[in-house]
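The values are calculated or read from the model by the stated rules, or taken from the named source; none is laboratory data. Predicted, not measured: the structure shown is a model, and the values here were computed from it. In this analysis, Cβ positions are derived from the backbone assuming ideal geometry, glycine residues included, and neighbour counts consider all displayed protein chains.
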Amino acid sequence: MINDSNPEATVENMAEDNSTILKKLFFFSVVMFGFSYAMVPMYEKICEVTGIRQPVANLEAVAKETRAVDMTREISIEFDANIHSAALQFRPLQSSIKTHPGEYTEIIYEVRNNANVAITGQAIPSYSPRNLEKYLKKIECFCFTKQVIEPGEIKQMPVKFAIDPQFPADINTVTMSYTLFVVESDS
């Protein structure tokens, strides 16, 4: 309630309230900036802990680690692609393959930019069964980096991997799915 008997006190109270609100807004702006700045390292740490998007620094060590191919077993791998943009088409060139545990395999995904502007995308993998990432040894994947797709460009992107021979023997079919998100576009 505004008291008209002392206008100077009212103006002083309003100035004090505005100052308090301004300080709170500044504080929350700094906190939100800090949080957004910290999101990238937090995301990288989550990916490191869960094994998602884990680039392989020493390819020779990984190759030696999974060289023992288990020829007695065969795993069927199904590939899936999802997209969150009408401007792009995204698909694996093969919908499924059969491979032996420990055997290096390469599959190609293809993306087509139907827009008139360049689009930068980032693929996020998901696997089924849930614990597959523990046994999946990727040595190359387009999901490790952002992909720039020029207008009208058709880009083929490889995924090179092996499934560890220690993969549970009672599972014969797995699914590798990639969802391509648009990070930015020139529009």
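Considering the range 92-138, and only residues there that are in a strand (DSSP E or B), surrounded by fewer than 17 Cβ atoms within 10 Å (Cβ to Cβ) and not hydroxyl-bearing (Ser, Thr, Tyr), the residue that is farthest from the chain's Cα centre (by Cα) turns out to be Lys98.
Being part of a strand (DSSP E or B) and among the polar types (S, T, N, Q) is the filter; apply it to the range 139-187 and report the residue that is surrounded by the fewest Cβ atoms within 10 Å (Cβ to Cβ). Let's see the steps before the verdict.
Within the range 139-187, the first condition is being part of a strand (DSSP E or B), and the residues that meet it are 139-141, 147-149, 154-163, 173-185.
Add one more test, that the residue is among the polar types (S, T, N, Q), and what stays is 147, 156, 173, 175, 177, 179, 185.
Numbers: Gln147: 17, Gln156: 10, Thr173: 12, Thr175: 15, Ser177: 16, Thr179: 17, Ser185: 17.
So, considering only residues that are part of a strand (DSSP E or B) and among the polar types (S, T, N, Q), the one surrounded by the fewest Cβ atoms within 10 Å (Cβ to Cβ) is Gln156.
Any idea which of Ile97, Ile149 is touching a Ser or Thr at 6+ places or on another chain (Cβ under 7 Å) and not assigned by TED's automatic domain parsing to the domain that holds Tyr43?
From the options Ile97, Ile149, the qualifying one is Ile97.
Regarding the range 60-70, can at least one residue be identified that is modelled with pLDDT of 75 or more, in the same structural domain as Ala123 (by TED's automatic domain parsing) and either hydrophobic (A, V, I, L, M, F, W, C) or more than 24 Å from Ala169 (Cβ to Cβ) (or both)? Looking through the range 60-70, at least one residue is modelled with pLDDT of 75 or more, in the same structural domain as Ala123 (by TED's automatic domain parsing) and either hydrophobic (A, V, I, L, M, F, W, C) or more than 24 Å from Ala169 (Cβ to Cβ) (or both).
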